[in-house]
Amino acid sequence: MASKQDKVSPAEWKTRVDLAAAYRLFHLLGMTDLIYTHMSARVPDQEGRFLINPYGLMFHEVTASNLIKVDGEGNLAEDSEGEANPAGFTIHSALHMARPDIGCAIHLHTHAGMAVSAQADGLLPITQHSLRWYGRIAYHDYEGIALDHAERERLARDLGNHHSMILRNHGLLTVGRDVPEAAVLMYYLEQSCRTQIAALSGGRPLVTPSPEVCEHTALQYEKAYPRAGVLEWGPLLRWVDGQSGDGYRA
């Protein structure tokens with residue numbers, strides 16, 4: 001596919017490059033599910049337009065130019081080729097349409113994320129990573145494969161003002177003001193789930209910090225550090241380029 005860099009605005013191109021880089025990043029991290037799961041981004045200078053992966057490509061095949069552009073109902077916009085995953089669009093459109101502050105939404109089926117999504121207690125406050133989400137994570141009950149547009153209202157309602165949600169019996173979801181924020185939140189949410197599964201598999205009693213310490217730590221994440229992605233994204237892009245080249249920028 002010919003590059004679209006000279007056919008879109010600089011703001012859209014940057015978003016396309018960041019979103020394609022996120023696909024490459026999660027491919028390198030092994031956080032994929034063949035051609036399924038999806039990440040989307042709001043086109044910053046086009047009201048009601050969103051970028052998402054073409055249905056049928058694996059993560060490492062996604063590039064800045066082959067991302068498709070859709071409207072709020074999933075219809076192809078402009079000269080996009082391909083189609084969106086119907087279930088993926090149901091999830092993403094629900095969030096983007098309900099929350100104008102969301103610039104990017106990421107939904108993955110990771111091993112640890114799916115495991116924790118099936119545990120009645122959800123994410124436990126047992127590690128420094130997981131304390132970022134103390135009292136700050138949403139849950140959405142499983143309703144089947146997300147093909148019913150009626151589920152959009154419930155997805156948006158359950159997410160509320162949170163930036164992360166565990167889809168019961170399904171997987172993980174994070175949102176952010178931009179791609180870097182949503183991507184870094186997803187990385188650490190998955191790490192929290194991995195350590196939880198590892199800790200529970202040890203068969204020994206767990207140590208949980210006091211509620212006061214849990215809340216103190218969550219507030220430290222919110223107030224003592226830049227938001228997720230600000231510090232991490234540049235190094236992550238360098239790592240992606242070093243591991244797999246810059247073909248995603250095409």
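The values are calculated or read from the model by the stated rules, or taken from the named source; none is laboratory data. This is a predicted model, so every value here is computed, not measured. So basically every Cβ, Gly included, is an ideal-geometry build from the backbone, and we count neighbours across all protein chains shown. Please note that ligands, DNA and RNA were not included when accessible areas were found on the heavy atoms of the full protein model with its side chains. Shrake-Rupley method; radii C 1.70, N 1.55, O 1.52, S 1.80 Å.
Summary table below
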{"quantity": "Kyte-Doolittle mean at least 0.0 and Cα axial length at least 24 Å: DSSP H helices in the chain", "calculated": "179-201"}
{"quantity": "For the chain: rounded, prolate or oblate by the Cα gyration tensor [a/c cutoff 1.5]", "calculated": "prolate"}
{"quantity": "Backbone HN-Hα couplings from phi across the stretch 101-107 [Karplus 6.51/-1.76/1.60, Hz, Gly and Pro as x]", "calculated": "6, 7, x, 8, 10, 10, 10"}
{"quantity": "Per-residue [θ]222 nm for the chain (sum of -39500 (n - 2.57) over DSSP H runs n ≥ 4, rounded to 500)", "calculated": "-12500 deg cm²/dmol"}
{"quantity": "Whole-angstrom gap from the stretch 86-162 to the stretch 1-40, using each part's C-alpha centre", "calculated": "21 Å"}
{"quantity": "Packing-based ranking, highest mean first, of 212-220, 191-199 given that Cβ atoms within 10 Å are counted", "calculated": "191-199, 212-220"}
{"quantity": "In order through the stretch 3-8: 3J(HN,Hα) via Karplus (6.51 cos²θ - 1.76 cosθ + 1.60), integer Hz, x for Gly, Pro", "calculated": "4, 9, 4, 8, 10, 10"}
{"quantity": "Partner lysines for K14 [C-alpha distance under 18 Å; skip if fewer than 8 residues away on the same chain]", "calculated": "K4, K69"}
{"quantity": "Candidates G82, G203, G30, ranked by Gaussian network fluctuation over the chain, Cα under 10 Å, top entry", "calculated": "G203"}
{"quantity": "Apportionment of accessible area to carbon and sulfur, the stretch 181-250, percent (1.4 Å)", "calculated": "57 percent"}
{"quantity": "In Å, descending, principal axis extents of the Cα set of the stretch 206-250", "calculated": "48, 27, 13"}
{"quantity": "Accessible area in square angstrom per residue, the stretch 1-105, 1.4 angstrom probe", "calculated": "40 Å²"}
